[in-house]
């Protein structure tokens, strides 16, 4: 609704309300995006010497197997998160809506706790769980007689990606759980009562009522999941630092290493631009696919 | 389905949920009691309860590990991030929700796209920008990016809310002779209390836990926030797990206590963007 002219603040007040955010946002988001694109055309290690090399960095990036492997690792995390986080959260939310479960409030409160924790702490905590010699997981395996399952969870290049994905998936189950519970509570209970009269059981109710009515929420959850996991960094940085070798180096880690360890700020910017294009691209694609189904 | 089968599936569901809940809470409980063990005791058996709980790890974490400094830095950055995000976000959203003006849609669209941009991609250019401006490694350094990245969400939440508030109240105030500034502060701002409390939770937790920008933009030990202090702690005392655990408890405890006190509100706050979007 529009305000009448009489209610309009004075021009100067108007600007005082509006400009600080616009300036700050431009200075911290728009200018950096432009800067990243600019630096991506240079060979630059942060000093006064900047050499314009045109599209050379982009040619390198397209052929850079480290970058594309890092991208695949992000996709792997997205894949497991979509099925793990959203899948498990969906199942738990169905259970929590049913009548057979006791202590509903307790489960909801506890499962959400990891969401509010610092992912650096989560990283250290799971680092201790996965620790080869003194870790909780290997302790548990040996105490139940499964010594043969004991692994160097974070030091074996073949399994390290799966190990570091577990805490990421685990941390945000509660987040999607709350989203689904909120959506389920808004479903009219008469729909279920009608279905029960027609003889629908628990599983059928889920498949034919809950799932279709929640499809919009699930689409939003998938989009959040993609956006969130394209920037996976903190807990992996803490657990493995991208190693062993580059076997758990995700895109953000690769950009960080290139810029702040090898001091290739020009190429680091190219990687950043690559990350932005791939992430926004994936989000837009998922939105298009999600949007089309609605019609 | 027979009655026994029903009963078994009921038990299975309950057991499954307890297993999930246990996986979420046990690591924290383990962290808490292990931080009270001595290093030797921890090495002997990582799962056992402390035989004689002692707080030496906490004393060391504060005295040697400088956790007190990091705690204060995190509190400072988080507090001002919340204040500025809410102030800037509220006023901008109010203008966007209530008035027509040139470039209104451009500005609105600009803030909304902000939610789409992966901020990790901005790590390097912001580092370079801050270096050029001499803004690296200052007490206020982190507040700039934190507020800016939160603005999109804050404006989105406030704008959506203000649009649902009937304009009649503001009109009545105007007729009664209330100045526009007076109306904003005395009428609109108090009406937005639900969004403000949501914002406090959302943006405080975000700033308290933020890692990559704090890692890149802050160098001196006296200005580090808790998550960075923790990684530094690990490097210096690699083998001393119990001190590390005490430091982790210091980071997590205030958040968990506040969460347990206001669980519903925190859940609402953290999922606000998703549920309303």
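The values are calculated or read from the model by the stated rules, or taken from the named source; none is laboratory data. Just so you know, these numbers come straight off a predicted model, no measurement behind them. We place every Cβ from the backbone using ideal geometry, glycine too, and count neighbours over all the protein chains shown.
Here are the numbers for the structure shown:
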{"quantity": "The lone exception for residue B:8 - which of (1) within 20 Å of residue A:128 (Cα to Cα); (2) surrounded by fewer than 17 Cβ atoms within 10 Å (Cβ to Cβ); (3) at pLDDT 85 or above it fails", "calculated": "(1)"}
{"quantity": "Filtered residue count, region A:154-167, keeping only those that are closer than 10 Å to residue A:130 by Cα, assigned to a loop (DSSP other than H, G, I, E, B) and under 22 Å from the mean Cα position of the chain (by Cα)", "calculated": "1"}
{"quantity": "Any hit, region B:205-215, residues being modelled with pLDDT of 90 or more, more than 10 Å from every other protein chain (Cβ to nearest Cβ), part of a helix (DSSP H, G or I) and within 13 Å of the chain's Cα centre (by Cα)", "calculated": "yes"}
{"quantity": "Residues satisfying the stated conditions in region A:56-70, i.e. surrounded by fewer than 18 Cβ atoms within 10 Å (Cβ to Cβ) and more than 18 Å from residue A:42 (Cα to Cα)", "calculated": "A:65, A:66, A:68, A:69"}
{"quantity": "Residue count, region B:147-181 (criterion: more than 9 Å from chain A (Cβ to nearest Cβ) and within 19 Å of residue B:196 (Cα to Cα))", "calculated": "11"}
{"quantity": "Pick from region A:117-149, criterion surrounded by fewer than 16 Cβ atoms within 10 Å (Cβ to Cβ) and assigned to a loop (DSSP other than H, G, I, E, B), ranking: nearest to the other protein chains (Cβ to nearest Cβ)", "calculated": "A:134"}
{"quantity": "Unmet criterion (only one of (1) modelled with pLDDT under 90; (2) crowded, with 23+ Cβ neighbours inside 10 Å; (3) over 21 Å from residue B:213 (Cβ atoms)) for residue A:229", "calculated": "(3)"}
{"quantity": "Condition check for residue B:34: in contact (Cβ under 8 Å) with a residue 12 or more places away in the chain, buried (at least 19 other Cβ atoms within 10 Å of the Cβ) and out of contact with any strand residue (DSSP E or B) (no Cβ under 9 Å at 6 or more places or on another chain)", "calculated": "yes"}
{"quantity": "Enumeration of residues in region B:78-107 that are surrounded by fewer than 17 Cβ atoms within 10 Å (Cβ to Cβ) and either touching a helix residue (DSSP H, G or I) at 6+ places or on another chain (Cβ under 9 Å) or within 28 Å of residue B:214 (Cα to Cα) (or both)", "calculated": "B:79, B:83, B:87, B:101, B:104"}
{"quantity": "Scan of region A:80-110 for residues that are more than 10 Å from every other protein chain (Cβ to nearest Cβ) and surrounded by fewer than 14 Cβ atoms within 10 Å (Cβ to Cβ), ordered by number", "calculated": "A:83"}
{"quantity": "Total residues in region B:172-184, condition assigned to a helix (DSSP H, G or I) and surrounded by 12 or more Cβ atoms within 10 Å (Cβ to Cβ)", "calculated": "8"}
{"quantity": "Residues within region B:249-277 that are facing chain A (nearest Cβ under 7 Å) and either more than 16 Å from the chain's Cα centre (by Cα) or without any contact (Cβ under 8 Å) to a residue 24 or more places away in the chain (or both), tallied", "calculated": "7"}
